[in-house]
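Asker: What follows is a single structure, and I will ask about it in a moment.
The values are calculated or read from the model by the stated rules, or taken from the named source; none is laboratory data. All values reported here derive from a predicted model rather than from experimental measurement. Every residue, glycine as well, gets a Cβ built from its backbone with ideal geometry; the counts of neighbours run over all protein chains shown. Remember, those area values only see protein heavy atoms, side chains included, never the ligands or the DNA or RNA. Shrake-Rupley method; radii C 1.70, N 1.55, O 1.52, S 1.80 Å.
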There are 4 protein chains.
Amino acid sequence: MVTENIQTPLIIVNFKTYLVATGEKAVKLAKEAERVSVETKVSIGVAPQFADIAAVAEAVNIPIFAQHIDPVQPGSHTGHVLAESVKEAGAVGTLINHSERQLKLSDIDRVIKKTRESGLLSVVCANNPSISAAVATLKPDIIAVEPPELIGTGISVSKAKPEVVTDTVRLVREVNPKVTILCGAGITSGEDVAAALRLGTRGVLVASGIVKAKDPYDVLCEFAEATTKA
Amino acid sequence: MVTENIQTPLIIVNFKTYLVATGEKAVKLAKEAERVSVETKVSIGVAPQFADIAAVAEAVNIPIFAQHIDPVQPGSHTGHVLAESVKEAGAVGTLINHSERQLKLSDIDRVIKKTRESGLLSVVCANNPSISAAVATLKPDIIAVEPPELIGTGISVSKAKPEVVTDTVRLVREVNPKVTILCGAGITSGEDVAAALRLGTRGVLVASGIVKAKDPYDVLCEFAEATTKA
Amino acid sequence: MVTENIQTPLIIVNFKTYLVATGEKAVKLAKEAERVSVETKVSIGVAPQFADIAAVAEAVNIPIFAQHIDPVQPGSHTGHVLAESVKEAGAVGTLINHSERQLKLSDIDRVIKKTRESGLLSVVCANNPSISAAVATLKPDIIAVEPPELIGTGISVSKAKPEVVTDTVRLVREVNPKVTILCGAGITSGEDVAAALRLGTRGVLVASGIVKAKDPYDVLCEFAEATTKA
Amino acid sequence: MVTENIQTPLIIVNFKTYLVATGEKAVKLAKEAERVSVETKVSIGVAPQFADIAAVAEAVNIPIFAQHIDPVQPGSHTGHVLAESVKEAGAVGTLINHSERQLKLSDIDRVIKKTRESGLLSVVCANNPSISAAVATLKPDIIAVEPPELIGTGISVSKAKPEVVTDTVRLVREVNPKVTILCGAGITSGEDVAAALRLGTRGVLVASGIVKAKDPYDVLCEFAEATTKA
């Protein structure tokens, strides 16, 4: 199983389409993530844009995730994102169904199966506890619960809506005892990360909290240290 | 204007999500396209997958197109394709509204405007003459008319449905005297290319005819020579 | 709970957008369904097009389902289908996520919640056993498993792919002991219906098998009688 | 041509999915529109929800529009809106590509062709002048330009952004001398309507300005009188 290669606690940094995390700046940010990971021995992954995966993969030796893949097989699918393509570029997994790139249920099912066939890790995002449970029945490697209304606010799910996290853990465990659970949305401090772990998750999915930080290295260090203390 | 940099006749090879045009094989195919372009002095562009743009751009010195970009500005758009990202990776333009990746009309408008701001060439695909005319009013750099029912068939639009091409040229010219017109779908031989030019286009958009050819170099040579004879 | 009003075994006839089940013909077909239901005392529901719900509801006294509703609240949603609207027109429930009208996972969640608030029955369609289980965690009233590749073929899921039905029943029951399970796709004979019940479902979702039958009344009688014998 | 049956100036009232314009209330509002039309001899159309078309058509004798139709032929299209269905229910036309229900360009083309075959009036909405011109090349009966940012604001396009209206008229006329042009967004007073006509349109598409008015009859009278004075 692919997840055996991924150590938890796990921090995944989603670069989204931020200009400060595009192109050369994506490589620079990934290097800072790698430096924190090496120094703290905490597992940190990065999810750059499709066109940046190859350069990031060349530059660092931490897990790289695509931000999305399409439910397509090789062939006539102009403009789509092929699992085989992001894998050859260096991704070890992919986000799926991020709240900014949601999929039909049958496509989530197809994409999870596709990641399994391709040897990619599946990180499926879910808006709330009931959707997390639905996703859990499809047996992805990782679920990340993220209430969309908190994304980018700096108000962390783990502190402002702890019941979202605990309900997710409870409902997911009823149908899937193994899947790794992360949470995200509004995570900006080590305390947010520690709270996420205390509530039963194994890490966080974070974007603006790191990407738009004045000093991403510093904040990532704080995050990583919080996981080891928790 | 960006199109001043692109010489016509023009052949654009769309790599789609074919495995034989993914990763290292994308680079190899792009090199063959470059070799034909250098030898024949005919303008040849390639449209690899997003994750392959950077490696292809490093390897060759011919125009590279993304297969699609999204109508988004930098920011919170996980899993989307940002104009700025494909440009920094090395693309000089992008396909838009390919029949396998169609857009809402207002998004076509937004993406064309976005390419203009970003200094990217816009190559908008259209299924038929009336859609081509609608697109022409939005003033893209290039229009490629491709009847979807012929795509991948080996039955060329320029020979099997010449009226699609001539109607497109006529209707487009009524509303836009300048835009470069290409045609595509089923193009597999030099004769198909020559017919396309005789009907009033300035080149072709081709995919399987080259990508799945036994020897892509040979077929591209045939295409390129057909444009110089025409 | 709304489902208390619906007796099983249950046959739901989906009128799709067949011309022979549009307008006056929708009313006529619904009357035949009602006649069979009255004569056989078997529960039969119909799912006409949106514009036909009111006329059908006026003409018959059997359960009427919308074919789809949108995940919207009253307000500025031009061209969308509001739960409150189909309910006032006479629907008692709605199909959700039919393979010809699939939804994002978060929208399935929202629509199911919306039906609960509106007092409508939710009949969620699913392509396969794993998707059925995912849907079951969202606690709809009814799940209908329909392998899309058999829809409209006349090759019945219950006879050609019995394992799809039994796997669905098994996986759904692991996460939801109560939800009513139907199956569909290719159902054309009483024997197909009997097989569906023997495999553990409580009825069928059928479209062309009835709508396009030479004599829908006769075939519906056969279906209804098969449920009472099973 | 269908439009010969529609007199201009024309006011179309879009009921959207407002509860105050659903079901019985849709019929009541349509009757008020009819009363104003009869009293002022100004052409007024209404666009109720799909499930209300038949009841509205039975109650009034003014033009009724669907809010949307899908680009489908009769057949296996569960949950879609068939042109033939809304026509049989009593619609004489349909809105297409409303900013709240936008379509792919090729689907706009298909739906316009479908309305022509079905004898329905096509009223295509467009967000801005350039999109209006693109739509105009597809030869619909009516174009309604509506800047989405003004919809529902009470700030009228005709007074706040007159250049949107005049640019639309100018660009549309360059490619289509005949199509009827309406404008919409923020229209709440007779003065807004008069301004719309002075700027070169033949009427307005209005929703909240009438539907949410304290007394829709009064405001519609004001609108209708403004068209006759203009």
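Asker: Sort out which residues of segment B:54-105 are more than 8 Å from every other protein chain (Cβ to nearest Cβ), in a helix (DSSP H, G or I) and surrounded by fewer than 24 Cβ atoms within 10 Å (Cβ to Cβ), and write them in order of number.
Answerer: Matches in segment B:54-105: B:A57, B:E58, B:A59, B:K87.
Asker: Looking at segment B:106-126, which of its residues are at the interface with another protein chain (Cβ under 7 Å from one of its Cβ atoms) and charged (D, E, K, R)?
Answerer: Filtering segment B:106-126 for residues at the interface with another protein chain (Cβ under 7 Å from one of its Cβ atoms) gives B:106, B:108-109.
Scanning segment B:106-126 gives a single hit, B:D109.
Asker: Within segment C:170-182, how many residues turn out to be out of contact with any Ser or Thr (no Cβ under 6 Å at 6 or more places or on another chain), in a helix (DSSP H, G or I) and buried (at least 19 other Cβ atoms within 10 Å of the Cβ)?
Answerer: Residues flagged as out of contact with any Ser or Thr (no Cβ under 6 Å at 6 or more places or on another chain), in a helix (DSSP H, G or I) and buried (at least 19 other Cβ atoms within 10 Å of the Cβ) within segment C:170-182 amount to 1.
Asker: I would also like to ask the following. Just give me the residues in segment C:125-163 being under 25 Å from C:A66 (Cβ atoms), small (G, A, S) and out of contact with any Ser or Thr (no Cβ under 7 Å at 6 or more places or on another chain), in sequence order.
Answerer: C:A136, C:A144
Asker: Can you name the condition, by its number, that A:I112 falls short on among (1) part of a helix (DSSP H, G or I); (2) surrounded by fewer than 20 Cβ atoms within 10 Å (Cβ to Cβ); (3) not small (G, A, S)?
Answerer: Among (1) part of a helix (DSSP H, G or I); (2) surrounded by fewer than 20 Cβ atoms within 10 Å (Cβ to Cβ); (3) not small (G, A, S), A:I112 violates only (2).
Asker: Please state which one of C:K214, C:K229, C:K159 is closer than 27 Å to D:P74 by Cβ and among the basic types (K, R).
Answerer: Criteria check complete, one pass: C:K214.
Asker: Within segment D:160-182, is even one residue closer than 20 Å to D:P63 by Cβ, of a type in the set (A, V, I, L, M) and more than 14 Å from chain B (Cβ to nearest Cβ)? Quick ask: steps written out before the conclusion?
Answerer: Kept after step one, since they are closer than 20 Å to D:P63 by Cβ, are these residues of segment D:160-182: D:178-182.
Of the ones still in play, those that are also of a type in the set (A, V, I, L, M) are D:179, D:181-182.
With more than 14 Å from chain B (Cβ to nearest Cβ) added as a condition, the list becomes D:181-182.
Yes, there is a match, as at least one residue in segment D:160-182 is closer than 20 Å to D:P63 by Cβ, of a type in the set (A, V, I, L, M) and more than 14 Å from chain B (Cβ to nearest Cβ).
Asker: Looking at segment D:37-59 only, could you name the residues that are farther than 21 Å from D:I96 by Cα and over 17 Å from the mean Cα position of the chain (by Cα)?
Answerer: Filtering segment D:37-59 for residues farther than 21 Å from D:I96 by Cα gives D:37-42, D:55, D:58-59.
Within segment D:37-59, D:V38, D:E39, D:T40, D:K41, D:A55, D:E58, D:A59 qualify.
Asker: If a residue must be within 14 Å of chain C (Cβ to nearest Cβ) and either in contact with a strand residue (DSSP E or B) (Cβ under 9 Å, 6 or more places away or on another chain) or part of a loop (DSSP other than H, G, I, E, B) (or both), how many such residues does segment D:36-53 contain? Show your work before the answer.
Answerer: Step one: of segment D:36-53, the residues within 14 Å of chain C (Cβ to nearest Cβ) are D:46-53.
Then keep just the ones that are either in contact with a strand residue (DSSP E or B) (Cβ under 9 Å, 6 or more places away or on another chain) or part of a loop (DSSP other than H, G, I, E, B) (or both); that gives D:46-51, D:53.
Qualifying residue count for the region: 7.
Listed here are the residues, each with its yes/no results for (1) touching a residue at least 60 places away in the same chain (Cβ under 8 Å); (2) hydroxyl-bearing (S, T, Y); (3) closer than 16 Å to D:K159 by Cβ.
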{"residue": "D:I187", "(1), (2), (3)": "no, no, yes"}
{"residue": "D:G190", "(1), (2), (3)": "no, no, yes"}
{"residue": "D:V193", "(1), (2), (3)": "yes, no, yes"}
{"residue": "D:L197", "(1), (2), (3)": "yes, no, yes"}
{"residue": "D:V206", "(1), (2), (3)": "yes, no, yes"}
{"residue": "D:V211", "(1), (2), (3)": "yes, no, no"}
{"residue": "D:K214", "(1), (2), (3)": "no, no, no"}
{"residue": "D:Y217", "(1), (2), (3)": "yes, yes, no"}
{"residue": "D:F223", "(1), (2), (3)": "yes, no, yes"}
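Asker: Kindly evaluate B:K31 against the criterion of being within 11 Å of another protein chain (Cβ to nearest Cβ) and surrounded by fewer than 24 Cβ atoms within 10 Å (Cβ to Cβ).
Answerer: Values: within 11 Å of another protein chain (Cβ to nearest Cβ): no; surrounded by fewer than 24 Cβ atoms within 10 Å (Cβ to Cβ): yes.
No.
Asker: So how many residues does segment C:1-28 have that are surrounded by fewer than 24 Cβ atoms within 10 Å (Cβ to Cβ), under 17 Å from the mean Cα position of the chain (by Cα) and either closer than 19 Å to C:S189 by Cα or within 14 Å of another protein chain (Cβ to nearest Cβ) (or both)?
Answerer: 4
Asker: So, in segment A:151-163, how many residues would count as being buried (at least 20 other Cβ atoms within 10 Å of the Cβ) and in a helix (DSSP H, G or I)?
Answerer: Within segment A:151-163, residues that are buried (at least 20 other Cβ atoms within 10 Å of the Cβ) and in a helix (DSSP H, G or I) number 2.
Asker: Scan segment A:183-200 for residues that are crowded, with 24+ Cβ neighbours inside 10 Å and outside any loop (DSSP other than H, G, I, E, B) and jot them down.
Answerer: A:C183, A:G184, A:D192, A:V193, A:A196
Asker: Here is a further query. Can you name every residue in segment B:148-159 that is hydrophobic (A, V, I, L, M, F, W, C) and within 14 Å of another protein chain (Cβ to nearest Cβ)? Working first, answer last.
Answerer: Our first condition is that a residue be hydrophobic (A, V, I, L, M, F, W, C); within segment B:148-159, this holds for B:150-151, B:155, B:157.
The answer is B:L150, B:I151.
Asker: Taking the stated definitions as given, is C:A33 farther than 30 Å from D:G186 by Cα, within 15 Å of the chain's Cα centre (by Cα) and part of a helix (DSSP H, G or I)?
Answerer: Values: farther than 30 Å from D:G186 by Cα: yes; within 15 Å of the chain's Cα centre (by Cα): yes; part of a helix (DSSP H, G or I): yes.
It is true that C:A33 is farther than 30 Å from D:G186 by Cα, within 15 Å of the chain's Cα centre (by Cα) and part of a helix (DSSP H, G or I).
Asker: What number of residues within segment A:114-141 satisfy the criterion of being within 17 Å of the chain's Cα centre (by Cα) and among the hydroxyl-bearing types (S, T, Y)?
Answerer: Matching residues across segment A:114-141 total 3.
Asker: Please specify each residue of segment B:128-150 satisfying the condition of being assigned to a loop (DSSP other than H, G, I, E, B) and under 25 Å from B:V92 (Cβ atoms).
Answerer: Pass one, segment B:128-150, residues assigned to a loop (DSSP other than H, G, I, E, B): B:128, B:137-141, B:146-147.
B:T137, B:L138, B:K139, B:P140, B:D141, B:E146, listed by residue number.
Asker: I'm trying to understand the selection: among the residues of segment D:150-188, which are of a type in the set (S, T, N, Q) and closer than 30 Å to B:L171 by Cα?
Answerer: First, pick out the residues of segment D:150-188 that are of a type in the set (S, T, N, Q): D:153, D:156, D:158, D:166, D:168, D:176, D:180, D:188.
Answer for segment D:150-188, where residues must be of a type in the set (S, T, N, Q) and closer than 30 Å to B:L171 by Cα: D:T166, D:T168, D:N176, D:T180.
Asker: Here are some conditions: (1) crowded, with 24+ Cβ neighbours inside 10 Å; (2) within 14 Å of chain B (Cβ to nearest Cβ); (3) under 23 Å from D:I69 (Cβ atoms). D:V204 meets all but one. Which one does it not meet?
Answerer: Condition not satisfied by D:V204: (2).
Asker: Looking at (1) among the polar types (S, T, N, Q); (2) touching a Ser or Thr at 6+ places or on another chain (Cβ under 7 Å); (3) outside any loop (DSSP other than H, G, I, E, B), find the lone condition where A:T166 falls short.
Answerer: Unmet for A:T166, out of (1) among the polar types (S, T, N, Q); (2) touching a Ser or Thr at 6+ places or on another chain (Cβ under 7 Å); (3) outside any loop (DSSP other than H, G, I, E, B): (2).
Asker: Identify, please: which residue in segment D:128-146 is of a type in the set (S, T, N, Q) and buried (at least 24 other Cβ atoms within 10 Å of the Cβ) and is, among those, farthest from the other protein chains (Cβ to nearest Cβ)?
Answerer: Let us first name the residues in segment D:128-146 that are of a type in the set (S, T, N, Q), namely D:128, D:130, D:132, D:137.
The next check asks that each one be buried (at least 24 other Cβ atoms within 10 Å of the Cβ); those that pass are D:132, D:137.
Working: D:S132: 9, D:T137: 4 Å.
Going through the qualifying residues, I end up with D:S132.
Asker: Also: Inside segment B:115-127, can you point out the residues that are in contact (Cβ under 8 Å) with a residue 40 or more places away in the chain, open to solvent by less than 20 Å² (accessible area, probe 1.4 Å) and either under 24 Å from D:D167 (Cα atoms) or of a type outside the set (A, V, I, L, M) (or both)?
Answerer: Once the filter is applied, which keeps residues that are in contact (Cβ under 8 Å) with a residue 40 or more places away in the chain, open to solvent by less than 20 Å² (accessible area, probe 1.4 Å) and either under 24 Å from D:D167 (Cα atoms) or of a type outside the set (A, V, I, L, M) (or both), segment B:115-127 yields B:T115, B:C125.
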